[in-house]
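Just below is one structure, and these are the notes that go with it.
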Amino acid sequence: MNACAADGPLAPARRWVEADGVHIDVRGLQPPGPLVAILELVESIRDATPVIVHHERDPQLLYPELAEIGWRAVRLDAEAGEVRLRLERVP
Amino acid sequence: MRLAAAAFIGGAASRLLPASIPFRFFGTAVVYHLLAWIALCADPQSVPRFAGGLGWPLAALHLVTLGVLAMTAIGASLQLLPVATRQPVLSRRWPAAIWWLYTPGVAAVALGMGIPAPRLLAGGAVAVVAALAAYALLLARNLIGARGMPVVIAHGWAALASLIVVLASASSLAGAYVGFQGFARGMALAWHVTFAAYGFMGLLVLGLSYILVPMFALSGAPNERRARVSLSLAVAALLLSASAASGVAPEALRIAAIGTGAGAVALHWWLMSVALKTGMRRELGRSLALVRIAWFMLSASLVAALGIVLAAPFDGIGALFGLLLIGGWLLTFLLGILQRIVPFLASMHTAPGTRQPRTPSSLTAERPLAIHFSCHLTALAFLAVAILADSPWIAFAGAVLGTAGALAFGTFFAIVVRRMSIPGVNGKRREAPAS
């Protein structure tokens with residue numbers, strides 16, 4: 001895995017690393033903050049490491065952007081009130 | 001576990017309208033855009049010194065304002081506001097019903113102005129006012145249920161209030177052609193122009209820009225306090241202008257309105273510049289070039305407005321003001337944004353049955369957009385020269401170029417619609433880091 005360790009100036013989202021990938025929590029950010037934070041993280045990843053997104057809603061505007069850079073989103077089970085996605089590079 | 005891109009469209013809590021709804025508004029706007037330029041070709045003699053009155057230039061003006069600008073604003077706001085403000089789509093039938101009422105209404109208004117046929121105009125105006133009133137109710141329900149994005153919501157409310165003024169003044173102006181006595185014509189006309197262009201459309205554009213421009217540039221949300229100051233200045237400018245139109249110290253209040261409006265525009269422009277400078281995406285192509293030109297034209301329209309207030313010794317100042325405001329600012333901005341959001345929305349609607357959505361870039365045909373870019377800007381330049389030189393021939397040449405540009409834009413739209421219905425491979429991708 002090779003991701004930027006520090007948050008970028010435009011994306012004050014919480015990030016951490018677990019066995020299943022790099023996690024990013026964008027809940028509470030003002031739009032388009034979540035979109036920017038997620039794409040900033042995704043574009044910093046140089047290998048096949050997946051990104052786990054913790055969101056408060058289905059990020060509909062994210063999907064075309066992901067498709068444009070060759071990534072896709074898979075919905076994961078999550079607690080009520082949370083939308084959790086695994087973002088992965090399209091093989 | 002499920003593939004989110006394929007699932008989000010059909011979900012019960014989807015915030016997306018069926019593709020057929022926003023795209024019918026956008027497609028109709030594309031057709032009326034072409035008809036507007038054709039209407040201008042029909043009577044180029046009247047263009048350089050146009051100052052109102054029934055005829056094809058007035059029909060062309062309303063094909064743009066009602067047929068292109070408001071038509072697109074309805075489709076875009078009904079689709080984007082629920083997405084941006086975290087709420088499910090309230091109704092699918094009402095937007096469709098509005099389209100069925102509004103589209104023939106606009107055609108009747110334009111034909112009634114062009115022929116001219118006052119009764120047809122009045123009948124069309126009734127349909128248009130009813131459709132816009134229904135849209136106002138839908139917009140109000142969207143704004144009441146909105147969560148987050150307070151600046152965008154505030155712009156939405158101000159635009160809605162302006163729309164009410166526009167509907168009242170439009171009813172008065174159209175009614176006068178069939179003997180209905182409403183407001184004094186001069187006052188109604190001043191309210192109509194100001195609140196339609198700078199109020200309803202202008203504030204909707206400024207508000208949606210706080211979503212769209214950072215989204216395109218991939219930048220943070222603009223400074224909320226400064227955006228609120230910009231909105232306050234814009235609303236103050238509208239109120240000053242309305243008071244002036246009512247006969248209260250007209251010259252002084254109009255100058256104050258222009259100065260206050262210039263402050264609102266300068267602040268908005270600065271916020272947008274910050275978004276563009278700090279965004280992750282720097283190369284935004286032709287669409288943003290049009291948006292930047294439109295912002296400049298908005299400022300230029302205020303200078304022309306000042307020329308009208310100060311009685312500049314030039315007969316074409318009114319026509320120049322209209323060209324800068326409607327063609328230069330609103331139409332140019334909208335076409336710049338439309339060429340970006342149409343493929344984007346189309347890509348959000350191409351997922352059913354496929355594992356990957358089509359990318360916006362794979363849906364976009366660049367060649368027609370390049371032709372449109374050149375034709376549109378050259379057409380505006382020709383019309384400006386025609387007004388300055390009082391030349392119907394140059395106006396005709398400009399209208400022909402505009403028609404060619406509108407055809408190219410229509411080709412771009414038709415290609416997007418065709419490609420979104422064809423499952424295919426995403427041929428090109430934006431540059432991304434290698435694995």
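Data for the structure
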item: Members of region A:44-81 that are more than 8 Å from every other protein chain (Cβ to nearest Cβ) and within 16 Å of A:Val17 (Cβ to Cβ); result: A:Thr49, A:Pro50, A:Val51, A:Ile52, A:Val53, A:His54
item: Every residue from region B:353-372 that is modelled with pLDDT of 80 or more and facing chain A (nearest Cβ under 10 Å); result: B:Thr359, B:Pro360, B:Ser361, B:Ser362, B:Leu363
item: Unique residue being within 21 Å of B:Ser299 (Cβ to Cβ) and of a type outside the set (Val, Ile, Thr) when the list is B:Leu218, B:Leu208, B:Leu189; result: B:Leu208
item: Unmet requirement for B:Val235, which otherwise passes all of (1) in contact with a Phe, Trp or Tyr (Cβ under 7 Å, 6 or more places away or on another chain); (2) under 17 Å from B:Pro150 (Cβ atoms); (3) assigned to a helix (DSSP H, G or I); result: (1)
item: So B:Val128, is it among the β-branched types (Val, Ile, Thr) and not in a loop (DSSP other than H, G, I, E, B); result: yes
item: Whichever residue in region B:286-320 is surrounded by fewer than 16 Cβ atoms within 10 Å (Cβ to Cβ) and under 21 Å from B:Ser374 (Cα atoms) and, among such residues, is farthest from the other protein chains (Cβ to nearest Cβ); result: B:Phe296
item: Residue list for region B:243-261, restricted to those being surrounded by fewer than 20 Cβ atoms within 10 Å (Cβ to Cβ) and either modelled with pLDDT under 95 or small (Gly, Ala, Ser) (or both); result: B:Ser243, B:Ser246, B:Gly247, B:Val248, B:Ala249, B:Pro250, B:Glu251, B:Ala252, B:Ala256, B:Gly259
item: Region A:30-43, residues that are in contact with a Gly (Cβ under 9 Å, 6 or more places away or on another chain) and either among the aromatic types (Phe, Trp, Tyr) or at the interface with chain B (Cβ under 10 Å from one of its Cβ atoms) (or both); result: A:Gln30, A:Pro31, A:Pro32, A:Gly33, A:Val36, A:Ala37, A:Glu40
item: Scope region B:65-88; condition farther than 22 Å from B:Arg340 by Cβ and either free of Cβ contacts under 8 Å to residues at least 40 places away in the same chain or of a type in the set (A, V, I, L, M) (or both); matching residues; result: B:Leu66
item: Qualifying positions in region A:82-91 - in a strand (DSSP E or B) and more than 7 Å from chain B (Cβ to nearest Cβ); result: A:Val83, A:Arg84, A:Arg86, A:Leu87, A:Glu88
item: Residue check for A:Val51: modelled with pLDDT under 90, in contact with a Gly (Cβ under 8 Å, 6 or more places away or on another chain) and β-branched (Val, Ile, Thr); result: no
item: Which listed residue is free of Cβ contacts under 8 Å to residues at least 60 places away in the same chain and within 14 Å of another protein chain (Cβ to nearest Cβ), from B:Gly199, B:Gly220, B:Gly259; result: B:Gly220
item: Single condition B:Ser299 does not satisfy, out of (1) touching a residue at least 12 places away in the same chain (Cβ under 8 Å); (2) closer than 30 Å to B:Pro360 by Cα; (3) among the polar types (S, T, N, Q); result: (2)
item: Residue check for B:Pro82: more than 14 Å from every other protein chain (Cβ to nearest Cβ) and of a type outside the set (D, E, K, R); result: no
item: Helices (runs of 4 or more DSSP H) enclosed by region B:30-125 - at least 3 residues per element that are modelled with pLDDT of 95 or more; result: B:56-62, B:93-114
item: Hey, B:Gly10 small (Gly, Ala, Ser) and modelled with pLDDT of 85 or more or not; result: no
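One line per residue, one yes/no per condition, for (1) closer than 30 Å to B:Leu231 by Cα; (2) of a type in the set (Ser, Thr, Tyr); (3) in contact (Cβ under 8 Å) with a residue 24 or more places away in the chain:
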{"residue": "B:Leu101", "(1), (2), (3)": "no, no, yes"}
{"residue": "B:Ala108", "(1), (2), (3)": "no, no, no"}
{"residue": "B:Pro116", "(1), (2), (3)": "no, no, yes"}
{"residue": "B:Arg119", "(1), (2), (3)": "no, no, yes"}
{"residue": "B:Ala127", "(1), (2), (3)": "no, no, yes"}
{"residue": "B:Ala131", "(1), (2), (3)": "yes, no, yes"}
{"residue": "B:Ala134", "(1), (2), (3)": "yes, no, yes"}
{"residue": "B:Ala140", "(1), (2), (3)": "yes, no, no"}
{"residue": "B:Ala158", "(1), (2), (3)": "yes, no, yes"}
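Yes/no matrix, rows are residues, columns are (1) in a helix (DSSP H, G or I); (2) away from chain A (no Cβ under 14 Å); (3) surrounded by fewer than 18 Cβ atoms within 10 Å (Cβ to Cβ); (4) modelled with pLDDT of 95 or more:
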residue: B:Ala351; (1), (2), (3), (4): no, no, no, no
residue: B:Ser374; (1), (2), (3), (4): yes, yes, yes, yes
residue: B:Phe382; (1), (2), (3), (4): yes, yes, no, yes
residue: B:Trp393; (1), (2), (3), (4): yes, yes, yes, yes
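The values are calculated or read from the model by the stated rules, or taken from the named source; none is laboratory data. Computed from a predicted structure; not experimentally measured. FYI the Cβ positions are ideal-geometry reconstructions off the backbone, even for glycines, and counts take in every protein chain you see.
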